[in-house]
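What follows is a short report on a single structure.
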Amino acid sequence: MSGLKILRIGPAASVQDMGRPGLLGQGISQGGAADTLALAEGAALLRQDPGLAALEMGGIGGEFEATGPLRIALTGAPMTAALDGVALIWNASHRMEAGQRLTIGAARAGVYGYLHLGGGIATEPALGARAVHLMAGLGRAAEAGDLLTAGPDPNSEAGLVLAAEDRFKGGELRIIDSFQSHLFAEDVRARFTGTAFSRGSRANRMGVEMVSEGEGFAAEGQLNILSEVILPGDVQMTGDGKPFVLLRECQTTGGYPRIGTVLPCDLPKVAQAQAGAAMRFRWIGLEEGLDAQARYEKAWKALPAACRPLVRDLAAIRDLLSFQLISGAVSAQADPFATGESA
Amino acid sequence: MDSQDTAAYPLVRRAGLSGILVSFGGSLNEASNRAALAYRTAVETLKLEGVVETMASLASVFVRFEPSLLPHEKLEAELQELLVAQDWLQAPLPAGRRFWRVPTVYGTDLAPQLAEAADAAGMSEAQAIDSLGAARVRVLTIGFAPGQPYLGSLGQEWDLPRQTELTPMVPRGALVQAICQFVLFSNPAPTGWRHVGQTGFTLFQAGADQPFALRPGDEMQFEPVSKPEFLKLCEDDPMHGGAAAEEIGA
């Protein structure tokens, strides 16, 4: 079976899929990829099911060696990538041969990059999914020496590219009322949406801290609220009124009050915001939220049709380099006629 | 919207884009917890198309659904109809419940916030251990982390607020206390509750036939033992730290 052997890996890499719905009552949140749109993009590029597992890489990638021929795709936060030293295009699918080395560097924007294999990563499922859930103690972070075995890959198409939606620099987050919104006074809610936030230093797959100037955003009776169900996207205020936007690997219940819930379609933007990225919240109604989510899901379904062939595929780039066209390229300073005259 | 505070329970409210929360009370109460457990079972039995999953929390039932298959208004009508079908506050507890006795070290370096909690409750440490160790509590809900129980109710003297600052990390098996309840931790985690006791009880094993040790409705007592006794029990029984269970008769 083909696969990738991990030679080097960053500290926050793990196998992820769409997660495990249905275990809320047992205390396990759905979890899965922090940026599920990236999973869908990878699946579109490889012409396969978005439910297949990929490697999620937080902040930085690693180095991988192919144990056999396989297809890969790179999505999510754009990272520098090269195959045997030759630069690879991000948000595209590529072919690898046995023994070839793939290196993935630091994110140029955003946080979570994804490495997909044709056929998906075939780790042993636990409780119905392959997603590592660190909070639940299901699986562990990827380590050097691990083998990422690919599942059966019936397809052979590679060399496709997709224009990714830019969700890597923060921006506006649409938020709707939830069952605890009324615990926050009107002026606190107004101040909340009027505040410029930036992503704080405390952030992981469970949630992301939002920091701002000025006082916090406390609810009435904040410390004595009955613990209640938590949903991904909930904006929870800690005891001192600091907001955290909870992500898919959040706890399932909690007692700190939630001022509202960020739309699922805006959560990749939260997960992908680098420390310091600017963000604002905007209240919207339920109908507008449902419409926005429906449009987003429609766009997901259109991803396979949006894939285009790479103008220069991998083989062509290698040929170009072997002909040393770069060193022969015209420079802005050089006199284009000088070399010709001396010949 | 402020009327939600004073309106008569049960309350049917929206939660996020695709959730409904049915609440039987706004504070911890034995009957509203029983109502939540029974109502959740009844919602599951309806097998409504478009319902993705349900859970019972302390006094509420959460229903996650797909609004394109099941519009909000339609689900809300179904849930209202079920609410009036019987008096849920009188519903019996689930069948097949068990009583767990769990050896527990209170205080020491293993549970360093006992003194602080005792102080807040107006007791000496010895009084706090007697009070907490004698309490027979029920699994009110499973949540926060895999298989992790919220346990109650403790007496009003234990109605202590959460801390304003989080305790950065408590270990697996930690018994923490706030607002008339215990939580027993299934994994190391930060918490706003006070770490009063330590057990060797494993709540969740991913690979096991029965991954989750507890079910809502089970009862527990955290019986005080000395630190040396506790360490010996954990050595002899690494999975449950000497805990024992018996069936509760109907």
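The values are calculated or read from the model by the stated rules, or taken from the named source; none is laboratory data. In this text the structure is predicted, and so the values were computed from the model without any measurement. Please note: Cβ atoms are built from the backbone with ideal geometry, for glycine as well, and neighbour counts cover all protein chains shown. Side chains are part of the model used for accessible areas, which takes the heavy atoms of the whole protein and leaves out ligands, DNA and RNA. Shrake-Rupley method; radii C 1.70, N 1.55, O 1.52, S 1.80 Å.
I'd like to check something: does region B:125-135 contain any residue that is under 19 Å from the mean Cα position of the chain (by Cα), closer than 22 Å to B:ASP218 by Cα and at pLDDT below 95?
no
Go through region A:156-191 and give me each residue that's in contact with a strand residue (DSSP E or B) (Cβ under 9 Å, 6 or more places away or on another chain), part of a loop (DSSP other than H, G, I, E, B) and more than 29 Å from A:ARG108 (Cβ to Cβ).
Within region A:156-191, A:SER156, A:ASP177, A:SER178, A:PHE179, A:GLN180, A:PHE184 meet the criteria.
Which numbered condition trips up A:ALA38, out of (1) in a loop (DSSP other than H, G, I, E, B); (2) touching a Pro at 6+ places or on another chain (Cβ under 8 Å); (3) closer than 22 Å to A:LEU263 by Cα?
(1)
For the subset of region A:175-221 comprising residues that are among the small types (Gly, Ala, Ser) and in contact with a Leu (Cβ under 8 Å, 6 or more places away or on another chain), which member is nearest to A:ALA12 (Cα to Cα)? Walk me through it before giving the result.
Initially, region A:175-221 is screened for residues among the small types (Gly, Ala, Ser), giving A:178, A:181, A:185, A:190, A:194, A:196, A:198, A:200-201, A:203, A:207, A:212, A:214, A:216, A:218-219, A:221.
Now restrict to residues that are in contact with a Leu (Cβ under 8 Å, 6 or more places away or on another chain): A:178, A:207, A:219, A:221.
Numbers: A:SER178: 32, A:GLY207: 14, A:ALA219: 34, A:GLY221: 37 Å.
Looking at the filtered set, the residue picked out is A:GLY207.
Residues that are open to solvent by less than 70 Å² (accessible area, probe 1.4 Å), within 14 Å of chain A (Cβ to nearest Cβ) and closer than 26 Å to A:THR252 by Cβ: find the strands (runs of 3 or more DSSP E) completely inside region B:39-130 holding 1 or more of those. Working first, answer last.
Numbers: elements: B:51-56, B:60-65, B:98-106.
Of the strands (runs of 3 or more DSSP E) lying wholly inside region B:39-130, those with at least 1 residues that are open to solvent by less than 70 Å² (accessible area, probe 1.4 Å), within 14 Å of chain A (Cβ to nearest Cβ) and closer than 26 Å to A:THR252 by Cβ span B:51-56, B:60-65.
Any chance region A:67-89 includes a residue that's farther than 20 Å from A:ARG248 by Cα, touching a helix residue (DSSP H, G or I) at 6+ places or on another chain (Cβ under 7 Å), of a type in the set (Lys, Arg) and touching a residue at least 12 places away in the same chain (Cβ under 8 Å)?
Scanning region A:67-89, I find no residue that is farther than 20 Å from A:ARG248 by Cα, touching a helix residue (DSSP H, G or I) at 6+ places or on another chain (Cβ under 7 Å), of a type in the set (Lys, Arg) and touching a residue at least 12 places away in the same chain (Cβ under 8 Å), so the answer is no.
Tell me, which strands (runs of 3 or more DSSP E) wholly within region B:169-243 include 3 or more residues that are of a type outside the set (Gly, Ala, Ser) and modelled with pLDDT of 95 or more?
Values: elements: B:174-178, B:181-184, B:189-191, B:194-198, B:219-224.
Fully inside region B:169-243 and qualifying: B:174-178, B:181-184, B:194-198, B:219-224.
Would you mind finding the one in A:LEU183, A:LEU160, A:LEU226 that is farther than 20 Å from A:GLN272 by Cα, surrounded by 20 or more Cβ atoms within 10 Å (Cβ to Cβ) and either in contact with a Cys (Cβ under 7 Å, 6 or more places away or on another chain) or away from chain B (no Cβ under 14 Å) (or both)?
On the way: A:LEU183 fails: either in contact with a Cys (Cβ under 7 Å, 6 or more places away or on another chain) or away from chain B (no Cβ under 14 Å) (or both); A:LEU226 fails: either in contact with a Cys (Cβ under 7 Å, 6 or more places away or on another chain) or away from chain B (no Cβ under 14 Å) (or both).
Among A:LEU183, A:LEU160, A:LEU226, only A:LEU160 is farther than 20 Å from A:GLN272 by Cα, surrounded by 20 or more Cβ atoms within 10 Å (Cβ to Cβ) and either in contact with a Cys (Cβ under 7 Å, 6 or more places away or on another chain) or away from chain B (no Cβ under 14 Å) (or both).
Checking A:ARG202 against (1) surrounded by fewer than 16 Cβ atoms within 10 Å (Cβ to Cβ); (2) modelled with pLDDT of 95 or more: exactly one of these is not met. Which one?
All conditions are met except number (2).
Determine if region A:243-253 includes at least one residue that is on the phi > 0 side of the Ramachandran plot, without any contact (Cβ under 8 Å) to a residue 60 or more places away in the chain and either within 10 Å of chain B (Cβ to nearest Cβ) or open to solvent by 10 Å² or more (accessible area, probe 1.4 Å) (or both). Walk me through it before giving the result.
So in region A:243-253, the residues on the phi > 0 side of the Ramachandran plot come out as none.
No, the conditions are met nowhere in region A:243-253.
Find all pairs meeting these conditions: Cβ atoms under 7 angstrom apart; at least six residues apart or on different chains; first residue within region B:193-206 and at positive phi; second residue of a type in the set (Asp, Glu) and modelled with pLDDT of 95 or more.
none
Pairs, please: C-beta under 9 Å, at least 6 apart or cross-chain, first residue at the interface with chain B (Cβ under 10 Å from one of its Cβ atoms) and closer than 25 Å to A:GLU41 by Cα and in region A:278-298, second among the β-branched types (Val, Ile, Thr) and open to solvent by less than 30 Å² (accessible area, probe 1.4 Å)?
That search, which allows pairs on different chains as well, returns A:GLY289/A:ILE175; A:GLY289/A:ILE176; A:GLY289/A:THR261; A:ALA292/A:ILE284.
Does A:PHE197 fit the bill of being of a type outside the set (Gly, Ala, Ser) and at pLDDT 95 or above? Even if it seems obvious, please write down each step before you answer.
Numbers: of a type outside the set (Gly, Ala, Ser): yes; at pLDDT 95 or above: yes.
The answer is yes for A:PHE197.
Can you name the residue in region B:140-167 that is part of a loop (DSSP other than H, G, I, E, B) and polar (S, T, N, Q) and, of all such residues, is surrounded by the most Cβ atoms within 10 Å (Cβ to Cβ)?
Taking region B:140-167 first, the residues part of a loop (DSSP other than H, G, I, E, B) are B:143-148, B:153-155, B:159-166.
Next, only the ones that are polar (S, T, N, Q) stay: B:148, B:153, B:163-164.
Values: B:GLN148: 27, B:SER153: 20, B:GLN163: 16, B:THR164: 12.
Among them, the one singled out is B:GLN148.
Given the residues B:VAL137, B:VAL183, B:VAL170, which is the only one that is of a type in the set (A, V, I, L, M, F, W, C), more than 10 Å from chain A (Cβ to nearest Cβ), open to solvent by less than 40 Å² (accessible area, probe 1.4 Å) and touching a Leu at 6+ places or on another chain (Cβ under 8 Å)? Working first, answer last.
Working: B:VAL183 fails: more than 10 Å from chain A (Cβ to nearest Cβ); B:VAL170 fails: touching a Leu at 6+ places or on another chain (Cβ under 8 Å).
Going through B:VAL137, B:VAL183, B:VAL170 in turn, the sole match is B:VAL137.
Across region A:126-147, what is the total count of residues that are away from chain B (no Cβ under 11 Å) and more than 20 Å from the chain's Cα centre (by Cα)?
Looking only at that region, the number is 5.
If only one of A:LEU74, A:LEU70, A:LEU88 is hydrophobic (A, V, I, L, M, F, W, C), more than 24 Å from A:PHE168 (Cβ to Cβ) and either within 18 Å of the chain's Cα centre (by Cα) or assigned by TED's automatic domain parsing to the domain that holds A:CYS307 (or both), which one is it? Outline the logic, then answer.
Values: A:LEU74 fails: more than 24 Å from A:PHE168 (Cβ to Cβ); A:LEU88 fails: more than 24 Å from A:PHE168 (Cβ to Cβ).
A:LEU70 is the lone residue from the list that is hydrophobic (A, V, I, L, M, F, W, C), more than 24 Å from A:PHE168 (Cβ to Cβ) and either within 18 Å of the chain's Cα centre (by Cα) or assigned by TED's automatic domain parsing to the domain that holds A:CYS307 (or both).
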